[in-house]
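Heads up, the thing below is written out as C-alpha cells.
The values are calculated or read from the model by the stated rules, or taken from the named source; none is laboratory data. Keep in mind the model is a prediction, meaning the values are calculated, not measured. Methodologically, a virtual Cβ is constructed for each residue, glycine included, from the backbone with ideal geometry; neighbour enumeration extends over all protein chains shown. With ligands, DNA and RNA removed, areas are computed over all heavy atoms of the protein, side chains included. Shrake-Rupley method; radii C 1.70, N 1.55, O 1.52, S 1.80 Å.
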Amino acid sequence: MTAMLNVRDLRAYYGQVQALHGLEFGLNEGSLTTLLGANGAGKTTTLRAICNMVRSTGSIEFDGAPLTGRSTENIVRLGIAHVPQGRGTFTTMTVEENLQLGAITRKDKAGVVSDIERMYDHFPVLKQRHTQQAGTLSGGEQQMLAVARALMLRPRLMLLDEPSFGLAPLIVRDLFKILGKINREDKVTILVVEQNAQLALELADQAYVIETGRIVMSGKATEIANNEDVRKSYLGY
Ligand code: ATP
C-alpha cells in the first residue's frame, strides 16, 4: 500500500542549527499515528517541516505529489491541518466565530453550518459556550476549540502538536477519546506529537520514536508500548 504521507531523508534547519537529520516515515490513510520523543528530539520541527514552516530538504509526498516548494497556505488547501503547540485560537473572537473562521476557504455554506453542529456534537462544551470569547475559555476548552477549528477545514490529515500540554489528566483522556472518534468516524488521518507516551500509545495504532532528529523505532503502537527501551525511557517502568 502506498502511504498517504511519505517522508524521505528530511533535514530541517534553524539558521546553522540542524534539527532533523534524515527523517523517514510514512502515514497510511486512516491511521492514527503518534510521534514520541524527548524534549528537543525534533517532533515540533517535523510537523513544521510538513507544513513548510521551517527550512528543510528531502522529500515529503502527500498522495504521491511532492509538497516541496508549496506555501503553507497551499498545503492547508490540499487538506493538511496543523494544530500547533499552545493552541492558537483567536482570543477576542467567540467560539462560533473561531469555527466559522476555520472554514473561511470553504464555499459550501450549508456544509459549514452542518460541520459546526458536528463540532458541537464532538465537543458539547463548545456548544454551551458558543458566544463566549475564546480567550476566556479554560485551557482544555481552548485546546478543544483549536482542534475543532482545524477540523472545520475538512482536512484529510490533521497534525497535532502536544494536545495534552498543560491539561489535567481527565481532560486529556476526554480529548484523546474524541480524537479517536474523529479518526474512526470522520475518517481523518491523524499524526499526534506527544510527550505523554502512555496515553498516546493507548490512542494510536502506529507509533514512531524520534531521537535527535532521526526515527529510531517504528511499529504498531501496542508493540512499541511493550518494547523494553521505550518502557524505560518514555513510560517510566
Ligand atoms: P519539545 O518536546 O521540547 O517541544 P521537540 O521534540 O518538539 O521538543 P523541536 O522543537 O522540534 O523539538 O526542536 C528540535 C531542535 O531544534 C532542538 O534542539 C531545538 O533547540 C532546535 N530548535 C527548535 N526551534 C529552534 C529555533 N527557532 N532556533 C534554533 N533552534 C531551534
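Answer yes or no as to whether LEU160 is buried (at least 19 other Cβ atoms within 10 Å of the Cβ) and within 24 Å of LEU137 (Cα to Cα).
yes
THR45 passes all but one of (1) modelled with pLDDT under 95; (2) in the same structural domain as ALA197 (by TED's automatic domain parsing); (3) surrounded by 14 or more Cβ atoms within 10 Å (Cβ to Cβ); which number fails?
Result: THR45 passes all but (1).
Please enumerate the residues belonging to the range 191-237 that are charged (D, E, K, R) and either assigned to a helix (DSSP H, G or I) or in contact with a strand residue (DSSP E or B) (Cβ under 6 Å, 6 or more places away or on another chain) (or both).
Of everything in the range 191-237, those that are charged (D, E, K, R) and either assigned to a helix (DSSP H, G or I) or in contact with a strand residue (DSSP E or B) (Cβ under 6 Å, 6 or more places away or on another chain) (or both) turn out to be GLU194, GLU202, ASP205, ARG214, GLU223, GLU228, ASP229, ARG231, LYS232.
From the residues in the range 31-42 that are surrounded by 17 or more Cβ atoms within 10 Å (Cβ to Cβ) and within 10 Å of the ligand (Cβ to nearest atom), which one is farthest from the chain's Cα centre (by Cα)?
Top of the filtered list is ALA41.
Within the range 13-30, track down each residue that is surrounded by fewer than 18 Cβ atoms within 10 Å (Cβ to Cβ), at negative phi and either away from the ligand (no atom under 11 Å from the Cβ) or β-branched (Val, Ile, Thr) (or both).
Within the range 13-30, VAL17, GLU24, ASN28, GLU29 meet the criteria.
So which of LEU201, LEU170 ends up being outside the structural domain of GLN142 (by TED's automatic domain parsing), more than 17 Å from THR46 (Cβ to Cβ) and touching a residue at least 12 places away in the same chain (Cβ under 8 Å)?
Answer to the selection: LEU201.
Output the residue which, of all residues in the range 116-125 that are in a helix (DSSP H, G or I) and touching an Asp or Glu at 6+ places or on another chain (Cβ under 9 Å), is most open to solvent (accessible area, probe 1.4 Å).
This residue is ARG118.
Out of all the residues in the range 208-224, which are more than 12 Å from the ligand (Cβ to nearest atom) and either touching an Asp or Glu at 6+ places or on another chain (Cβ under 8 Å) or of a type in the set (Asp, Glu) (or both)?
ILE215, MET217, LYS220, ALA221, GLU223, listed by residue number.
Within the range 126-140, does at least one residue satisfy the condition of being open to solvent by 40 Å² or more (accessible area, probe 1.4 Å) and β-branched (Val, Ile, Thr)?
Yes.
Could you say whether any residue in the range 64-78 is within 11 Å of the ligand (Cβ to nearest atom) and open to solvent by 50 Å² or more (accessible area, probe 1.4 Å)?
The answer is no, given that none of the residues of the range 64-78 is within 11 Å of the ligand (Cβ to nearest atom) and open to solvent by 50 Å² or more (accessible area, probe 1.4 Å).
From ILE80, ILE75, which residue is touching a strand residue (DSSP E or B) at 6+ places or on another chain (Cβ under 7 Å), more than 30 Å from ARG231 (Cβ to Cβ) and among the aliphatic types (A, V, I, L, M)?
ILE80
Got a number for residues in the range 80-93 being open to solvent by less than 10 Å² (accessible area, probe 1.4 Å) and assigned to a loop (DSSP other than H, G, I, E, B)?
Here the count works out to 0.
Looking at the range 1-57, which of its residues are assigned to a helix (DSSP H, G or I) and under 22 Å from LEU201 (Cβ atoms)?
LYS43, THR44, THR45, THR46, LEU47, ILE50
Among the listed residues THR94, THR57, which satisfies the condition of being in contact with a strand residue (DSSP E or B) (Cβ under 8 Å, 6 or more places away or on another chain) and within 16 Å of the ligand (Cβ to nearest atom)?
THR57
Looking at the range 190-200, which of the residues that are crowded, with 17+ Cβ neighbours inside 10 Å and at pLDDT below 95 is farthest from the ligand (Cβ to nearest atom)?
By that ranking, first place goes to LEU199.
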